[in-house]
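Notes follow once the structure below has been shown.
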Amino acid sequence: MSVAILGAGLTGLSAAYHLEKDYEIFESESEAGGLCRSVKAKGFVFDYGPHLYFSKNDYVRKFLNDLLKKNLHELKSSAGQYSFNRFLKYPYNVNLYGAPVEIIKECILGYVEAVHDSRKKKPETYYDWCLYHFGEGYANHFMFPYAKKIWTVNPRKMTTDWIGKRIVMPTLEQILEGAFHRSDRMLNYITTFKYPLRGGMSSMIAGLTQRITPVHYNKKIVRIDIKKRKITFHDGTSIFYEKAISTIPLPEIVKMIPDAPASIREAVNRLIHNSVLIINIGVDRSDLSEFQWIYFDGDEPFYRVHFPSNLSKFCAPRGAGAVCAEIAYSRFRPVEKEKMVGLTLRKLKSAGILKASDRILFQNTIDQKYAYVIFDKYRKTCVERLRNFLRKYDIETCGRFGDWDYLWMDQSILSGKRAAEAITTSAG
Ligand SMILES: Cc1cc2nc3c(=O)[nH]c(=O)nc-3n(C[C@H](O)[C@H](O)[C@H](O)COP(=O)(O)OP(=O)(O)OC[C@H]3O[C@@H](n4cnc5c(N)ncnc54)[C@H](O)[C@@H]3O)c2cc1C
């Protein structure tokens, strides 16, 4: 075989699609999709956490529109923020209306002070970045508590190279407008998005798998002999390759290489990430929330919930509603997993999302070991070192955990495409 593609998540599938020929694709699970999968049970459809398609890239838009054809509808975003035991609109920085007056005052004063502070230094950590751009009020009341929940580390440990357009940078005028009245303006990176009408995001994966060579499922790679270009699977079988495209998380692929030198093991030990426990709940009531998703920065275990039944009416049986809570954890902040379902149900009730009278029709939990890469001062150089090492042995890495980056679906598709092109160019 000439090219072995390792992993049939969105990136691996994209690499296969763009390579067109001379490849085989191997996946440890019994189905494709990785993080872009959907659970279908009792008339409910839950993705592995919310998966909204909001790409601004023309190539990806055409690619996905072709894949999903008519099974795609467009929605206007409607996101919420649950802080101070009440629901605000998201992004909170331009939607302070409804927050306690003292908090609004502290946020606006802090913002004005930060903007006019001529002595401030360019921020290097996320902690300083929040203070630099937003001031103490926003930072202490919203940004730091949320950052600790989702990233599981102190924002002082984090760099800022993941932010991009993810955080809205409002003007004072926009802040004031949003503090005086509840506005319908959606000042966010995601103002509209697309979502499959039927089948959740796995319908995109189904479209993609139909266009490529069949995936070899239940083929967990356990060992790679980089000198002999030999891959061994957990079932004892093995294959030889000329070149490989890997979407396996960098820490996992390095563990599979007995010949990896100490410096490479050291680099890989520096990489940090969080994991996410996804708790899906289906109930016998449809009007769970006016929002499609809500961020939480308080003492709830979850940092976000979303409502699949508000993304498509086909994600729940008629008259029923679906809610999914995401709980981040890591070695820096472990959670007692067995307690999380009970705690989530209690907190959803105390926030008023679920009611005591709701009957639970479906519940399941998914544990995602690799969910978000955590950006710290070691990430960039370590990732470069690891990828250069693997490249020397003809392994091109790509995807969320092969690039070791904060990639959305569109960026993962492009990452797979880039890897396919890199392999083709080096072969040519
Ligand atoms: C909670 C959450 C919410 C998200 N929401 C959005 C969103 O709203 N919009 C958006 O655009 N993006 C979203 N994303 C990002 C999106 O999920 C990713 O960009 C994309 O799915 C990454 O695909 P991937 O193929 O790179 O990685 P993965 O999906 O992780 O695929 C890697 C594949 O490799 C396989 N594999 C691993 N180890 C082995 C092995 N040893 N042998 C064989 N196979 C192996 C895995 O089983 C998996 O199938 C979200 C991500 C998360 C975690």
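The values are calculated or read from the model by the stated rules, or taken from the named source; none is laboratory data. Just so you know, these numbers come straight off a predicted model, no measurement behind them. Using ideal geometry, Cβ is built from the backbone for each residue, glycine included, and neighbour counts are taken over all protein chains shown.
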Practice prompt. Specify the residue that is surrounded by the fewest Cβ atoms within 10 Å (Cβ to Cβ); the eligible residues are those in region 38-61 that are assigned to a strand (DSSP E or B) and aliphatic (A, V, I, L, M).
Written response: 41
Discussion item. Checking the conditions here, which among 361, 343, 354 is in contact (Cβ under 8 Å) with a residue 40 or more places away in the chain and part of a helix (DSSP H, G or I)?
Written reply: 343
Fill in: Options 205, 224; residue that is in contact with a Cys (Cβ under 9 Å, 6 or more places away or on another chain) and buried (at least 18 other Cβ atoms within 10 Å of the Cβ)
205
Fill in: Exclusive hit being under 16 Å from residue 90 (Cβ atoms), among the hydrophobic types (A, V, I, L, M, F, W, C) and out of contact with any strand residue (DSSP E or B) (no Cβ under 6 Å at 6 or more places or on another chain), set 353, 294
353
Worksheet item: So which residues in region 370-428 are over 25 Å from residue 155 (Cα atoms), within 16 Å of the ligand (Cβ to nearest atom) and hydroxyl-bearing (Ser, Thr, Tyr), if there are any at all?
Response: 397, 412, 415
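Quick grid of which residues meet (1) more than 7 Å from the ligand (Cβ to nearest atom); (2) within 13 Å of residue 205 (Cα to Cα):
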| position | (1), (2) |
| --- | --- |
| 18 | yes, no |
| 22 | yes, no |
| 29 | no, no |
| 38 | yes, yes |
| 43 | yes, no |
| 47 | yes, yes |
| 52 | no, no |
| 61 | yes, no |
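A quick yes/no check of all residues on (1) farther than 30 Å from residue 348 by Cα; (2) crowded, with 17+ Cβ neighbours inside 10 Å:
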{"residue": "89", "(1), (2)": "no, yes"}
{"residue": "99", "(1), (2)": "no, yes"}
{"residue": "105", "(1), (2)": "no, no"}
{"residue": "114", "(1), (2)": "yes, yes"}
{"residue": "125", "(1), (2)": "yes, yes"}
{"residue": "128", "(1), (2)": "yes, yes"}
{"residue": "132", "(1), (2)": "yes, yes"}
{"residue": "139", "(1), (2)": "no, yes"}
Worksheet item: Checking residue 424 against (1) under 23 Å from the mean Cα position of the chain (by Cα); (2) of a type in the set (Ser, Thr, Tyr); (3) over 30 Å from residue 287 (Cβ atoms); (4) part of a helix (DSSP H, G or I), which test does it fail?
Response: (1)
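To keep it simple, each residue is scored yes or no on (1) within 13 Å of the ligand (Cβ to nearest atom); (2) basic (Lys, Arg); (3) not assigned by TED's automatic domain parsing to the domain that holds residue 323.
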position: 174; (1), (2), (3): no, no, yes
position: 197; (1), (2), (3): no, no, no
position: 224; (1), (2), (3): yes, no, yes
position: 232; (1), (2), (3): yes, no, yes
position: 244; (1), (2), (3): yes, no, yes
position: 256; (1), (2), (3): yes, no, yes
position: 260; (1), (2), (3): no, no, yes
position: 281; (1), (2), (3): no, no, no
position: 286; (1), (2), (3): no, no, no
